[in-house]
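Here is the structure we will look at.
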Amino acid sequence: MEYKLTFKEYNEALKKDKLLGLKCKECGKINVPPKMVCGQCTSLDMEVVELSGKGNIQTFTTVFVAPEGREAEAPYTIVMVELDEGPWIAGNLIDIDPGKVTMELIGKRVKLGHKVFPGDKYSAGDMARPLFSFES
Amino acid sequence: MRKVAVVGIGETRFTAAQEKTEVELFAEAAMDALNESNLKPKDIQALYLGNCLGDFSEGQGMVQCFAAENIGAFNIPASRFEGACASASMAVRDAFMWVASGFYDIVLAGGVERAASMGTPLATRTFAMFSDSRYEYPSGITFPAIFALLTHLYARKYDIPLARLKEQMAITSVQAYKYGMLNPKAHFHKEVTVEQVLNSFMVCLPLQLHDCCPFSDGAAAIVLASEEVAKRLTNKPVYIIGTGQASAGPLCNQKDYLPRLRSRELSAERAYNMAGIKPEDVDIAEIHDCFSVANLIAAEGLGFFEFGKSGEAWERGEADIGGKVAINLSGGLKAKGHPIGATGAGQVYEIVKQLRGEVEHGRQAPEPKIGLTDTLGGDGGTLCNLILQRGW
């Protein structure tokens with residue numbers, strides 16, 4: 001059985017600042033990241049949809065000790081965002097001082113862009129990730 | 001199902017980077033476990049070995065086969081278990097099931113890892129492989145980052161000011177260091193104060209150095225036998241009376257439960273049900289304190305304390321000897337150390353020692369009867385619990 005929305009397709013769309021997900025035709029749940037079956041009802045009957053990329057910050061951290069090969073990126077801030085359509089996704093946050101973020105970030109409105117991680121010897125290629133900035 | 005007992009245990013010291021190979025480390029632990037059991041290598045019918053990152057730390061895959069041959073358990077079936085930091089607990093659990101089923105009578109389980117030998121940058125990179133490589137890692141997620149994200153969620157969900165929560169978290173680290181001091185197998189032998197925790201350098205906001213467990217090298221080994229065989233081998237059998245395991249997907253997909261980890265709650269429920277006990281029946285527990293906040297999340301998920309109240313429980317001594325349940329008298333991952341593929345077997349080692357009354361003065365629980373292990377792999381991806389009971 002064919003996989004409906006592969007990482008390759010998701011990744012190529014994200015590189016154009018488009019966030020793709022799967023909407024379940026049985027229960028209506030939006031699934032991001034994409035999956036074989038609906039995460040709520042396990043239906044296979046899902047369609048590809050483009051999401052708004054807008055939502056609220058739920059939690060955050062700033063990484064000071066980076067993995068091998070990504071030292072130059074640190075410090076960087078990671079946020080988990082609840083999209084207006086319901087799912088949570090993780091990405092980086094810009095337009096802030098990573099060393100000075102506080103609990104006040106929680107609840108802030110953000111919108112999605114992207115940044116490409118060029119990959120390393122383990123990653124099987126490059127990958128875009130959401131890059132969030134404040135909505136207003 | 002037959003009753004299954006631990007009849008012998010062995011463990012190397014958990015350490016910083018050292019030069020023994022994984023095969024050598026596991027052989028040392030395994031021979032101690034066999035000698036304790038009054039068994040010879042030829043008596044072992046199968047090996048179940050946790051090992052996570054040997055491919056990266058020393059370019060060694062399939063270490064379980066070399067380990068079996070090295071200790072003279074020639075040509076036995078040898079299987080490797082990989083569930084990130086829960087690998088060895090999975091290995092012990094599967095070993096238990098094969099003996100319980102009647103298929104084998106005597107098996108060896110355990111784990112080995114050289115996480116410290118990799119150095120922090122490579123260890124940080126490879127540990128991050130236990131998050132979702134496509135949908136999480138591109139953001140630069142690391143394991144401290146995951147628990148830092150959970151810390152802020154915890155503070156918000158239970159409405160605890162972050163500064164207050166961090167003090168509570170620091171108290172869990174201080175308790176871990178206190179017991180690590182008394183454990184000759186522990187990676188760290190030093191006292192640390194709340195002030196030192198709160199002044200240590202920032203790893204991932206708000207987690208500081210002393211909120212985080214170390215990368216360690218080490219191995220642990222456990223001999224399991226059927227009840228009938230165990231009675232011939234030892235007058236102090238420790239029975240495995242309950243086991244549970246559960247899985248979960250990427251952290252974001254767990255949003256409906258966070259900061260609680262559903263996989264832990266399911267795994268623990270399965271273990272308690274199999275054992276026919278309740279959380280309040282547990283005297284001692286070795287829980288997965290990879291980060292200070294993980295103590296709080298684990299103790300609540302295991303049913304020891306109310307959700308959002310673990311920090312207060314630690315402050316009142318409820319997680320210490322004389323409290324509700326004595327937690328991590330080994331020093332835990334924080335001070336005893338975290339050689340990830342061996343950690344779960346190390347927890348079993350500690351519980352068995354405690355139940356036998358064999359640990360050092362100052363960290364021996366008073367006549368414990370039931371002990372629990374709790375091991376977490378990834379960001380809740382793998383959870384495994386074992387419940388052990390004194391058999392005499």
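Observations
- R0 of 45 Å, Cβ-Cβ distance residue A:135-residue B:193: FRET efficiency to nearest 0.05: 0.55
- Cα Rg, Dmax (largest Cα-Cα span) when computed across segment A:47-136, Å: 13.7, 41
- Inverse mean reciprocal Cα-Cα distance (Kirkwood Rh) of segment B:44-163, Å: 16.5
- Sorting B:56, B:188, A:117 on solvent-accessible area from highest to lowest, probe radius 1.4 Å, gives B:56, B:188, A:117.
- Calculated [222 nm] ellipticity per residue, helices only, for chain B: -11000 deg cm²/dmol; basis is -39500 (n - 2.57) per DSSP H run with n ≥ 4, divided by all residues, nearest 500.
- When the P(r) is computed for segment B:189-297, the part past 17 Å accounts for 72% of the Cα-Cα pairs.
- Shielding by partners - mean other protein chain Cβ count within 10 Å, residues of A:5-17: 1
- Each Cα pair under 8 Å and six or more residues apart adds its separation to the average, and for segment A:7-51 the resulting relative contact order is 37 percent.
- Projecting the Cα atoms of B:210, B:200, B:263 onto the dipole axis of segment B:170-273, where Lys and Arg carry +1 and Asp and Glu carry -1 at the beta carbon, places B:263 farthest toward the positive end.
- Dimensionless Rg/Rh of segment B:29-69 - Kirkwood Rh, Rg from C-alpha atoms: 1.05
- When all protein chains stay in place and ligands, DNA and RNA are ignored, the 1.4 Å accessible-area order of B:189, A:114, B:361, B:210, largest first, is B:361, B:189, A:114, B:210.
- Oblate is the label for segment B:286-383, because a/c, from the alpha-carbon gyration tensor with a ≥ b ≥ c as root eigenvalues, is 1.5 or above and a/b does not exceed b/c.
- Extended-chain gain in nm, criterion 0.36 nm per residue less alpha-carbon gap, residue A:102 and residue A:54: 15.2 nm
- Rounded to 5, the percent of DSSP beta bridges in segment A:42-136 classed as antiparallel: 90
- In percent, rounded to a whole number, the relative contact order of segment A:54-134 is 30, using alpha-carbon pairs under 8 Å and six or more apart.
- The protein assembly as shown, dipole about Cα centre (Lys/Arg Cβ +1, Asp/Glu Cβ -1), debye to the nearest 20: 440
- Inter-part distance where segment B:97-136 and segment A:117-136 are each reduced to a Cα centre, Å: 27
- FRET efficiency for the residue B:101 to residue A:37 pair, using the beta carbon distance and R₀ = 30 Å, is estimated at 0.40.
- Cβ neighbours within 10 Å from other chains - mean over B:150-161: 3
- In a DSSP loop and with at most 13 other Cβ atoms within 10 Å, the chymotrypsin sites (Phe, Trp or Tyr not before Pro) in segment B:67-117 are B:74, B:103.
- Antiparallel bridge percentage (DSSP; both residues within the protein assembly as shown; nearest 5): 80
- Within the accessible area of chain B (1.4 Å probe), percent carbon and sulfur: 50
- Accessible area in the full protein assembly, largest first, 1.4 Å probe, for A:23, B:185: A:23, B:185
- With the gyration tensor restricted to C-alpha atoms of segment A:1-89, the semi-axes of the equivalent ellipsoid amount to 28, 16, 12 Å, longest first.
- Cα-based Rg of segment A:7-51 normalised by 2.2 N^0.38 Å, two decimals: 1.10
- Convex hull volume per residue for the protein assembly as shown, taking Cα atoms only, in Å³: 143
- Residue mean of other protein chain beta carbons inside 10 Å, A:67-78: 5
- Here chain B is assigned +1 on the Cβ of each Lys and Arg and -1 on the Cβ of each Asp and Glu. Its dipole about the Cα centre then comes out at about 380 debye.
- Pairs beyond 28 Å (Cα-Cα), from B:20/B:190; A:111/B:334; A:115/B:255; A:100/B:190; B:190/B:236: A:111/B:334; A:100/B:190; B:190/B:236
- log10 of Debye I(q)/I(0), alpha-carbon scatterers only, for segment B:112-243 at 0.22 Å⁻¹: -1.29
- Look at the dipole of chain A built from charges on Cβ: of A:88, A:24, A:52, the Cα furthest out on the positive end belongs to A:24.
- Note on segment A:54-134: with charges restricted to the Cβ of Lys and Arg (+1) and Asp and Glu (-1), its dipole about the Cα centre is near 140 debye.
- Beta bridges by DSSP in chain B, antiparallel share as percent, to the nearest 5: 75
- Positive-end residue of B:14, B:333, B:63, charge dipole of chain B with Cβ unit charges: B:333
- Spread over its residues, the convex hull of the C-alpha atoms of chain B is 119 Å³ per residue.
- When both segment A:51-89 and segment B:168-204 are represented by their alpha-carbon centers, they are found 29 Å apart.
- Only Cα pairs under 8 Å and 6+ residues apart enter the sum, and on that basis the relative contact order of chain B stands at 26 percent.
The values are calculated or read from the model by the stated rules, or taken from the named source; none is laboratory data. Every value quoted in this text rests on a predicted model; they were computed, and no experiment measured them. Counting neighbours? That spans all protein chains shown, and the Cβs are built from the backbone with ideal geometry, glycine included. The accessibility values were calculated without ligands, DNA or RNA, using every heavy atom of the protein model including side chains. Shrake-Rupley method; radii C 1.70, N 1.55, O 1.52, S 1.80 Å.
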